[in-house]
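Below: one structure, written as structure tokens.
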Amino acid sequence: MDYNQLLIKQFQHWALYLHESQFPNLGRCYASALRSEADIVTDINPAETEELFFKIIPSWHRTVKELYGECRPNVAILGNLWPHLHAHLVPRHKENKQFYGIEFADPNPKGLFIDLDRNISSEILFKIRDEIKKKI
């Protein structure tokens, strides 16, 4: 998939994308630093920190909560598979959610988040992207 198709919004220092793995964490996104030289978490500068933690994460959390119900926002900055500064924004829903004819059930809502290998069609991914895009 062309990840640019999943772009939700570009900010001054970050671009917010819908993560293509929505199962089991409906509303999962990631923010990618726009600076090409930003690699690891210690490369983050004060302007990026402020925008990510005081603008992007709160607006993402508010939007996902409004669209899909109460959730606990998890943030992970790893960079193991993709060596570029980015943050995973993972909503943790305690209760199962039914959207788009799919049941989203987090098998371990109090533990580490995991990707469950379940394909969701591009059509549904674009619906989720567009819902978030309208409200963020």
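The values are calculated or read from the model by the stated rules, or taken from the named source; none is laboratory data. It should be emphasised that the depicted structure is a prediction, and the values quoted were computed from it without experimental measurement. Every residue, glycine among them, receives a Cβ derived from its backbone with ideal geometry; neighbour counts consider all protein chains shown.
Can LEU78 be described as within 14 Å of the chain's Cα centre (by Cα), touching a residue at least 12 places away in the same chain (Cβ under 8 Å) and closer than 20 Å to TYR3 by Cα? Against the criterion (within 14 Å of the chain's Cα centre (by Cα), touching a residue at least 12 places away in the same chain (Cβ under 8 Å) and closer than 20 Å to TYR3 by Cα), LEU78 does not qualify. In summary, PRO73 fulfils each of the numbered conditions (1) surrounded by 15 or more Cβ atoms within 10 Å (Cβ to Cβ); (2) within 27 Å of ALA38 (Cα to Cα); (3) in contact (Cβ under 8 Å) with a residue 24 or more places away in the chain; (4) not hydrophobic (A, V, I, L, M, F, W, C) with the single exception of condition (3). Of the residues examined, ALA87 is one that is touching a helix residue (DSSP H, G or I) at 6+ places or on another chain (Cβ under 7 Å), outside any loop (DSSP other than H, G, I, E, B) and in contact (Cβ under 8 Å) with a residue 12 or more places away in the chain. Considered as a group, the residues in the stretch 5-38 that are over 13 Å from the mean Cα position of the chain (by Cα) and among the aliphatic types (A, V, I, L, M) include one that is farthest from LYS55 (Cα to Cα), and that residue is ALA38. Are any of the residues in the stretch 25-43 without any contact (Cβ under 8 Å) to a residue 60 or more places away in the chain, more than 27 Å from ASP2 (Cβ to Cβ), among the β-branched types (Val, Ile, Thr) and not in a loop (DSSP other than H, G, I, E, B)? Scanning the stretch 25-43 turns up at least one residue that is without any contact (Cβ under 8 Å) to a residue 60 or more places away in the chain, more than 27 Å from ASP2 (Cβ to Cβ), among the β-branched types (Val, Ile, Thr) and not in a loop (DSSP other than H, G, I, E, B).
Per-residue answers, yes or no, for (1) surrounded by fewer than 17 Cβ atoms within 10 Å (Cβ to Cβ); (2) outside any loop (DSSP other than H, G, I, E, B); (3) of a type outside the set (A, V, I, L, M, F, W, C); (4) modelled with pLDDT of 95 or more:
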residue: THR63; (1), (2), (3), (4): no, yes, yes, yes
residue: LEU81; (1), (2), (3), (4): yes, no, no, no
residue: LYS127; (1), (2), (3), (4): yes, yes, yes, yes
residue: LYS133; (1), (2), (3), (4): yes, yes, yes, yes
